[in-house]
Every structure is written in C-alpha cells, then in structure tokens.
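Asks: Quick one: the structure is below, questions incoming.
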Amino acid sequence: MKVWGLGLLAAVVLAFAVPARGDDAALEPFVAAYDVRYGNMSVGSSRIELRRAPEPGRWEIVSQSQASGLAKLVASGTLSQRSVFELDATDVRPVTYRFDDGTHRTGRDVALDFDWRDARVRGTAEEETVDLPAA
C-alpha cells in the first residue's frame, strides 16, 4: 500500500513539527507552497497548511498537490490529504486522516478514524476495511 507511506510521512513530519510537551500555544498556523519540479521542468505545485480546527484543542494539516503541463497526462486530479489531531500537555493524537488521489475512483483513497476511547483505528484504505488497535 503506497498510500500508507504518505500517511507515515505526514505523521513523521507532524511529530517533528510539534513540541515534545504537546503545548498548543507553541504551534503556529502556517502555509507553505512549493513548485514541484522534475529536473528543470515544472510538473506541478503543492500547498501545505497547518491551522486550528473548529473544535477546541484540535488542529488540522491539509496538503494539496496538482500536476501541471505534460504531467497532467499522468496525474490529472488534485491529490489531497487532511489530518485532524488533538494536542494536549502530554500527547499528540490523530483524530482523522483522509487521502484522495484526485480521481473519481476510490481504489487508492484512505479514510481513517481514530477512536481513543476504544483504542481502535477504523475506516478504509485502498478499498480494504481497516480495524486495528491504536497504539
């Protein structure tokens, strides 16, 4: 499952971006925009945003990537990821994770919900049901 690698990458980036204490006041919203290149040729763009979620104590990180030029022949849609997480004095815990490959097909999409009361992560990943223990 290649998509799991994207989620893992997002989790690693998030782990290094969040202070060890999980101090909500230490996080600052940001937007980063990138030009995606293959050699000297621009093949797309990517935008990442960290923002407060509407629910208190929660944050969300949203990433969107779009192909441009000839790269649109291979990847025509907007690739998007969205993760909502809780931040408290001791922990960073994911709440939801969504990945959409930008096509009308759902074969590579991921929708995961983290239930910390039951210590489970449930949803679908690449059209397979997910029901795993949440560590």
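Asks: Would segment 117-130 turn up any residue that is without any contact (Cβ under 8 Å) to a residue 40 or more places away in the chain, open to solvent by less than 50 Å² (accessible area, probe 1.4 Å) and under 19 Å from R58 (Cα atoms)?
Replies: There is at least one residue in segment 117-130 that is without any contact (Cβ under 8 Å) to a residue 40 or more places away in the chain, open to solvent by less than 50 Å² (accessible area, probe 1.4 Å) and under 19 Å from R58 (Cα atoms).
Asks: Follow-up question, since we're still on this one. Taking the condition of being among the acidic types (D, E) and touching a Leu at 6+ places or on another chain (Cβ under 9 Å), how many residues in segment 101-118 meet it? Give the derivation first.
Replies: Initial filter on segment 101-118 (among the acidic types (D, E)): 101, 109, 113, 115, 118.
Next, only the ones that are touching a Leu at 6+ places or on another chain (Cβ under 9 Å) stay: 101.
Of the residues in segment 101-118, 1 are among the acidic types (D, E) and touching a Leu at 6+ places or on another chain (Cβ under 9 Å).
Asks: Which residues, taken from segment 33-49, are open to solvent by less than 100 Å² (accessible area, probe 1.4 Å) and under 13 Å from S63 (Cα atoms)?
Replies: The initial filter retains those residues of segment 33-49 that are open to solvent by less than 100 Å² (accessible area, probe 1.4 Å), namely 33, 35-36, 39, 41-46, 48-49.
Across segment 33-49, the qualifying residues are A33, S45, S46, I48, E49.
Asks: Based on what the data block shows, is V92 surrounded by 17 or more Cβ atoms within 10 Å (Cβ to Cβ) and under 29 Å from S45 (Cβ atoms)? Talk me through it step by step, then tell me what you get.
Replies: Values: surrounded by 17 or more Cβ atoms within 10 Å (Cβ to Cβ): yes; under 29 Å from S45 (Cβ atoms): yes.
Yes; evaluated as a whole, the condition is true for this residue.
Asks: Keeping to segment 46-72, report how many residues are assigned to a strand (DSSP E or B) and either in contact with a helix residue (DSSP H, G or I) (Cβ under 6 Å, 6 or more places away or on another chain) or at pLDDT 90 or above (or both).
Replies: To start, the set of residues in segment 46-72 that are assigned to a strand (DSSP E or B) comprises 46-52, 58-67.
The next check asks that each one be either in contact with a helix residue (DSSP H, G or I) (Cβ under 6 Å, 6 or more places away or on another chain) or at pLDDT 90 or above (or both); those that pass are 46-52, 58-64.
Within segment 46-72, residues that are assigned to a strand (DSSP E or B) and either in contact with a helix residue (DSSP H, G or I) (Cβ under 6 Å, 6 or more places away or on another chain) or at pLDDT 90 or above (or both) number 14.
Asks: Name the residue that is nearest to A67 (Cα to Cα), counting only residues in segment 91-118 that are among the small types (G, A, S) and at pLDDT below 95.
Replies: So the residue we want is G102.
Asks: How about segment 73-97: which of its residues are part of a strand (DSSP E or B), farther than 21 Å from V36 by Cβ and of a type outside the set (F, W, Y)? Don't jump to the end; show me each part of the working.
Replies: Our first condition is that a residue be part of a strand (DSSP E or B); within segment 73-97, this holds for 78-87, 92-97.
Narrowing the set further to residues that are farther than 21 Å from V36 by Cβ leaves 84-87, 92-97.
Residues satisfying the conditions are V84, E86, L87, V92, R93, P94, V95, T96.
Asks: Report, by residue number, each residue of segment 91-111 that is among the hydrophobic types (A, V, I, L, M, F, W, C) and without any contact (Cβ under 8 Å) to a residue 40 or more places away in the chain. Steps first, please.
Replies: So in segment 91-111, the residues among the hydrophobic types (A, V, I, L, M, F, W, C) come out as 92, 95, 99, 110-111.
V95, A111 - these are the residues of segment 91-111 that are among the hydrophobic types (A, V, I, L, M, F, W, C) and without any contact (Cβ under 8 Å) to a residue 40 or more places away in the chain.
The values are calculated or read from the model by the stated rules, or taken from the named source; none is laboratory data. The model shown is predicted, which means the values in this text are computed figures rather than measured ones. Ideal geometry is used to build each Cβ from the backbone, glycine not excepted, and the neighbour counts take in all protein chains shown. Heavy atoms of the whole protein, side chains included, go into the accessibility calculation; ligands, DNA and RNA do not. Shrake-Rupley method; radii C 1.70, N 1.55, O 1.52, S 1.80 Å.
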